[in-house]
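The values are calculated or read from the model by the stated rules, or taken from the named source; none is laboratory data. Worth saying up front: this structure is predicted, and the values here are computed from it rather than measured. Here the Cβ positions follow ideal geometry from the backbone for every residue, glycine too, while neighbour counts run over all protein chains shown. We work out accessible area using only protein heavy atoms, side chains counted, and drop any ligands, DNA or RNA first. Shrake-Rupley method; radii C 1.70, N 1.55, O 1.52, S 1.80 Å.
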Amino acid sequence: MKRFASFGLTAVLALTLTACAAAPRTPAPETARTPETATAETAAEPSGFYRTGATFNTGARFYSLQPHSPGYVLVTETDYAAASCRVLCSIPGCAHDSPDCPAWLPGTGLEYSLFTAGEDVYLYHSTPALAYDGSWEQYRAEVVEPALEDPNGHTEEELIHYYQNCYREAVTPACLYRIRDGGMTRETIGLSRQIPNIGLSWCDGVALYGQYSGQNGDTEGCRISLADGQVTTFPMMENELIRGAEKDRLLTSRIVTDAPLPDPAVVGWDIYEAAMQNTVVEFDWLNPSTGARSKVLEQPGDGTTDGTASFRGLVNGMLCFVGYGEEDEAAVRVLDSATGQWQTVLQTFPDPSAQLRSEPMAALPAAAERQARYLRLEGSDVWQGLNLGWILDSENGELYPVSQKVEGALYETAVMPLALTDDGRFLLCTAQKDSGEEPISAYGIADLRVEDCYSLQPVEDFLQGRTNYTPVTMPE
């Protein structure tokens, strides 16, 4: 019997089905590139590090993944100047519902990260957490047929279609996709070797970067070339994690101990957690190309697995931390990595439920720098939904409560910025409407029962609680 490369797929997908189906049809041929077949291209120059993510902001456009209940996602592009959003496909007459569409990808969206480099849109598809190594027939026998007994209102055709796309996702290895010419073509870039299910969350315009940590704490940096998928490594220290990046260097953190940490599986978690209380955490700058390293900060660990529960991200050279402990501890403070000076940005949280979201958002370097000025805090005083929001201006320390609510949301939800445009407007989700889709699974990046409706608004108007939105035309 074939097995999944991760636990619990049958449980996760134990939903609803009622019969068998033919194997998924093979999609139309597309361009494929591997280190062995790549043709020579003009070498791109690194642009400085920036973050990748489920959404991506260039300053002029916003890219996101739109999930659909049959088990696929579509890449969408929002043009700020035109105030319009479209599926990133320029093929005339394309229905955007099959692998023939350049914007169509199987799965829930959890295994993809978006970014741009040059004129092209890229997606990194990580090794699936629920990878499968058997044929469709085996998958159908092991996963689909045991779940056929309870269709839960779905037709056999709908459910088979969904599981076919789940299968496509589960057997797709780690790779890069490149969408070119405004959505006319999609190219698959295979990797020179397969890598574990790890996030590669940082890009310098020519390669992706991330790290892999083994169970014993050994850590290795990983680099994937955007040109040909060549996988290379760079040295990192034990228990080291990439926490941010700027210019040509990565910000890392690592636990420093006088003696090796005990294995909790051997000594138990009580002894392990006691040992963690005596650790310190060191933040370093690391240049992955040269190996050059310099210390930024050393502070006591907080007893958590990586010792940095209070760290929220790197914002324009500032290491951002939150404080939820002592009464005299500032709510939000930053360390200037250049001067070593601490600065309090927010003394107290505006509500016990308020949480500072991790920063920065995924964007090109210039857009990320501008966007990092506005830190987002979210909270809730209802049983479900994030109905409280605040924007913290990190330049002047002003805290602006968000009074605007998402119209038509299933739960009361505060409107929060998705991106900042080059011309000083926020992209917002100001409304939601019934998608007309009934989710087969709740496992994914969004609630499939609703569709987001975007708007644009000048920053100052949003901060003052106004609702003079410019609606964005959304895809049909």
Filter pass, GLU137 being open to solvent by less than 60 Å² (accessible area, probe 1.4 Å), outside any loop (DSSP other than H, G, I, E, B) and acidic (Asp, Glu): no
Selection from region 94-112 of residues that are touching a Leu at 6+ places or on another chain (Cβ under 7 Å) and open to solvent by 10 Å² or more (accessible area, probe 1.4 Å): HIS96, TYR112
Region 202-214 - residue that is open to solvent by less than 20 Å² (accessible area, probe 1.4 Å) and hydrophobic (A, V, I, L, M, F, W, C) and, of those, farthest from the chain's Cα centre (by Cα): ALA207
Residue in region 239-249 that is touching a Leu at 6+ places or on another chain (Cβ under 8 Å), at pLDDT 95 or above and open to solvent by 60 Å² or more (accessible area, probe 1.4 Å) present: yes
The one condition in (1) within 17 Å of LEU250 (Cβ to Cβ); (2) in contact (Cβ under 8 Å) with a residue 60 or more places away in the chain; (3) not hydroxyl-bearing (Ser, Thr, Tyr) that VAL332 fails to fulfil: (1)
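Could you tell me which of the residues SER353, SER337 is surrounded by fewer than 17 Cβ atoms within 10 Å (Cβ to Cβ), touching a strand residue (DSSP E or B) at 6+ places or on another chain (Cβ under 9 Å), more than 17 Å from GLU240 (Cα to Cα) and of a type in the set (S, T, N, Q)? Give the steps one after another, and end with the answer.
Working: SER337 fails: surrounded by fewer than 17 Cβ atoms within 10 Å (Cβ to Cβ).
Residue meeting the stated conditions: SER353.
Within region 71-88, does at least one residue satisfy the condition of being at pLDDT below 95, of a type outside the set (Phe, Trp, Tyr) and open to solvent by 20 Å² or more (accessible area, probe 1.4 Å)? I'd like the intermediate steps shown before the answer.
Just the residues of region 71-88 that are at pLDDT below 95, to begin with: 71-73.
In the following step, the residues that additionally are of a type outside the set (Phe, Trp, Tyr) were identified as 71, 73.
From what's left, open to solvent by 20 Å² or more (accessible area, probe 1.4 Å): none.
Within region 71-88, none of the residues are at pLDDT below 95, of a type outside the set (Phe, Trp, Tyr) and open to solvent by 20 Å² or more (accessible area, probe 1.4 Å).
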Residue identified as buried (at least 16 other Cβ atoms within 10 Å of the Cβ) and over 20 Å from the mean Cα position of the chain (by Cα) among GLY303, GLY317: GLY317
Among the residues listed as GLY153, GLY199, the single one being in contact with a strand residue (DSSP E or B) (Cβ under 6 Å, 6 or more places away or on another chain), surrounded by fewer than 18 Cβ atoms within 10 Å (Cβ to Cβ) and at pLDDT below 90: GLY199
Residue ID - nearest to ALA129 (Cα to Cα), chosen from residues in region 140-172 that are assigned to a helix (DSSP H, G or I) and small (Gly, Ala, Ser): ALA170
Filter result (surrounded by fewer than 16 Cβ atoms within 10 Å (Cβ to Cβ), among the acidic types (Asp, Glu) and outside any helix (DSSP H, G or I)) within region 265-300: GLU298
Some residue of region 419-434 being touching a residue at least 40 places away in the same chain (Cβ under 8 Å) and more than 21 Å from ALA83 (Cα to Cα): no
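Would you point out which residue out of GLY217, GLY229 is open to solvent by less than 20 Å² (accessible area, probe 1.4 Å), assigned to a loop (DSSP other than H, G, I, E, B), more than 26 Å from THR58 (Cβ to Cβ) and in contact with a Leu (Cβ under 9 Å, 6 or more places away or on another chain)?
Values: GLY229 fails: more than 26 Å from THR58 (Cβ to Cβ).
Residue meeting the stated conditions: GLY217.
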Qualifying positions in region 410-430 - more than 29 Å from PRO106 (Cβ to Cβ) and among the aliphatic types (A, V, I, L, M): ALA414, VAL415, MET416, LEU420, LEU428
